[in-house]
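Since every read-out is calculated from the coordinates, none of them should be taken as a lab result. Predicted, not measured: the structure shown is a model, and the values here were computed from it. Cβ coordinates were reconstructed from backbone atoms using ideal geometry, including for glycine residues, and neighbour counts include every protein chain displayed.
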Amino acid sequence: MTSEQIEKFFSKAKLNSLIRVSFKTRDAIVGIFIQTPDYNELKSKNFWRIVSEANYEQWKQSNDYNLVRMFNGAEFTRLVIA
């Protein structure tokens with residue numbers, strides 16, 4: 001998916017919602033896209049930071065960026081609100 005397609009999805013869904021992300025070459029994950037200080041720069045390059053559902057509560061308390069993974073939006077095939 002392009003960054004424009006992903007942004008269009010987020011115009012309908014909240015950024016802090018649980019999202020199921022399907023990929024071309026890996027299993028789908030459920031997580032939350034987060035905004036970091038470099039969000040706009042990463043978005044322009046079609047990279048996205050996602051906290052998995054399993055790590056979200058811990059991330060919310062600690063804001064530990066080691067719990068966050070970065071993904072290339074070109075590998076996304078589908079986004080669905082979980």
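On each of the three principal axes of the Cα atoms of the chain, give max minus min coordinate, whole Å, ordered largest first.
Here the spans come out as 31, 26, 25 Å, largest first.
Could you size up the charge dipole of the chain around its Cα centre, putting +1 on the beta carbon of Lys and Arg and -1 on that of Asp and Glu, and report it in debye to the nearest 20?
Numbers: 12 positive and 9 negative charges, 52 e Å.
Using only the charged Cβ atoms, the result is roughly 240 debye.
Amide H neighbours of Ala28 under 5 Å, at least 5 residues apart or on other chains, H built in the peptide plane: list them.
Amide H neighbours of Ala28, under 5 Å, 5+ apart: Phe23.
Please identify which residues in segment 38-65 have an amide N closer than 15 Å to a label point set 7 Å out from the Cα of Lys24, following the Cα→Cβ vector.
So the set is 46-47.
Check the straight Cα-Cα distances from Lys8 and name the lysines below 21 Å, setting aside those fewer than 8 residues away within the same chain.
Filter leaves Lys24, Lys43, Lys45.
Determine the shape class of segment 36-82: with a ≥ b ≥ c the square roots of the Cα gyration tensor eigenvalues, call it rounded for a/c under 1.5, and otherwise prolate if a/b is greater than b/c, oblate otherwise.
Values: a/c = 2.51, a/b = 1.32, b/c = 1.91.
The shape class here is oblate.
In whole Hz, with x marking every Gly and Pro, tabulate ³J(HN,Hα) for segment 13-21 from phi via Karplus 6.51 cos²θ - 1.76 cosθ + 1.60, θ = phi - 60°.
So the Karplus estimates, Gly and Pro as x, are 10, 6, 5, 8, 8, 6, 10, 8, 10 Hz.
I'd like the orientation of helix 3-12 relative to the chain: the angle between its Cα long axis and the longest Cα principal axis, in ° from 0 to 90, rounded to 10.
Compared with the principal axis, the helix lies near 70 degrees.
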